[in-house]
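Below: the structure, in structure tokens.
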Amino acid sequence: MTRRWTAGLALVLALAGCGGDPADVGAPDRGLVGLAMPTKGSDRWIGDGENMNAQFSLLGYRTSLQYADDDTGVQISQIQQMIDDGAKALVVGAIDGTKLKDVLGKAAAAKIPVISYDRLIRDTPDIAYYATFDNFKVGVMQGTYIVETLRLGRGGGPANIELFAGSADDNNATFFFNGAMSVLTPYIRSGALTVRSGETAFAEVATQRWDGKVAKERMARLLRTTYANQRVNAILSPYDGITRGIIEALREGGYAANALPVLTGQDAEIDSVKLIAGGQQGQTVYKDTRELAKVAVQMVNSLVTGGDPIVNDTKQYNNGVKDVPTFLLQPVTVTKDNYQRVLVDGGYYTAAQISG
Ligand code: GAL
């Protein structure tokens, strides 16, 4: 996959008559691309924006990269501004995937194609393509890590577990949760896993805006009530920022740093990779945002130059109006055993960033 994309980008660069050198002054001005990202509150989105900026500029595009501080109203005005500025295409990482219908209607009226980036924008015909990772598989990886670490079905357990999900207004959150539950549910049914709080419905375990503080409060409540007299053995968390909130609650609730429950995460954020190296967080799911940026850039460049973007899924993602043609990248599960090889040898982080 990686090799394929590297080759794909090289081809795109060659077709654009651009040697790939940022100093290539002969690169044409291919116009403006609007990049509407949700928040700087998480490292990954900063990386997404930087990676797309760099790759678009190599192809001769100008960009307007905007972050909306997790405020949907701000994101709508930023997109409107990009339309007013004459953007050739928009790449949108939505905050609330259900609230962009009207502004994207205006983009469509101005014939500006929209790429839904990482998160599916819902209830509108006005998105052309979707670039993301295999979101269901992300959840499967988190559930599998829990089952394997507790050695369920192999002499381990029974064990207590609590479930956390992401933001209910983000289409990805249900995919992650359903993926994880596809692995965990048989063990819950057989009694090998018990959700002592009884909170198992997505709506009960969702975490508004993926906010670590919200997750910390819920975990603290569970520790005061359900777990006043017993330990929790595992926690399904969909995202590193939520996991760090949960760890804070656990530590304040008296759990020693070296005796935390089995904990999952996502995004391989640097603060969480440090926790994995130190043995506090067990797992994260790494999604190489450099590759996602390449996919989005390829899609935009094809659309602007009259080609057909490459996709590899046309069935899984219906946004309420249509099946959205999608390119799915593959996530990678990361633990203490492989973070060095995947993240350091893979050039995502330096060893010094992790140990620093
Ligand atoms: C999701 C995204 C995850 C994580 C989360 C919180 O939509 O797919 O990788 O970043 O948002 O930002």
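The values are calculated or read from the model by the stated rules, or taken from the named source; none is laboratory data. From a predicted model like this one, the values you see are computed outputs, not experimental measurements. When we count neighbours, we look across all protein chains shown, and the Cβ atoms used for this are built from the backbone with ideal geometry, even at glycine. Please note that ligands, DNA and RNA were not included when accessible areas were found on the heavy atoms of the full protein model with its side chains. Shrake-Rupley method; radii C 1.70, N 1.55, O 1.52, S 1.80 Å.
Cross-link reach is defined here as a Cα-Cα straight distance under 25 Å, omitting same-chain residues fewer than 8 places apart; for LYS101 the lysines meeting it are LYS40, LYS88, LYS111, LYS315, LYS322. The accessible area of THR243, taken with all protein chains in place and a 1.4 Å probe, comes to roughly 0 Å².
Pick from GLY60, GLY97, GLY73: which residue has the top mean-square fluctuation in a GNM of the chain where Cα pairs under 10 Å get a spring? Comparing GLY60, GLY97, GLY73 in a Gaussian network model of the chain, the most mobile one is GLY73.
Can you tally the net charge around VAL214? Count Lys and Arg as +1, Asp and Glu as -1, for every other residue whose Cβ sits under 15 Å from the Cβ of VAL214.
My count for the surroundings of VAL214 gives -4.
Near LEU292: Cβ cut-off under 11 Å, other residues only, Lys/Arg at +1 and Asp/Glu at -1. The net charge is 0.
As I understand it, the value is the acute angle between the Cα axis of helix 289-304 and the longest principal axis of the Cα atoms of the chain; what does it come to in degrees, rounded to 10? Once rounded, the angle reads 30 degrees. For the chain, the longest principal axis of the Cα atoms and the long axis of helix 2-15 meet at an angle of about 20 degrees. Charge dipole of the chain (Cα centre as origin; +1 on each Lys and Arg Cβ, -1 on each Asp and Glu Cβ, all else neutral): 860 debye, rounded to the nearest 20. On the beta carbon distance between GLN208 and SER77, with R0 = 22 Å, the FRET formula returns roughly 0.50. Note on ASN312/ASN178: beta-carbon distance plugged into 1/(1 + (r/R0)^6) with R0 of 22 Å gives a FRET efficiency of 0.60.
Put +1 on the Cβ of every Lys and Arg and -1 on every Asp and Glu Cβ in the chain; which of ALA215, THR185, ILE95 then has its Cα farthest towards the positive end of the dipole? The residue sitting farthest along the positive end of the dipole is THR185.
Considering only ASN171, ALA128, ASN229, the residue lying farthest towards the positive end of the dipole of segment 128-280 is ASN229, judged by Cα position with unit charges set on Cβ. Farthest towards the positive end of the charge dipole of the chain, among the residues TYR117, ILE146, VAL33, is the Cα of ILE146, using unit charges on the Cβ of Lys, Arg, Asp and Glu.
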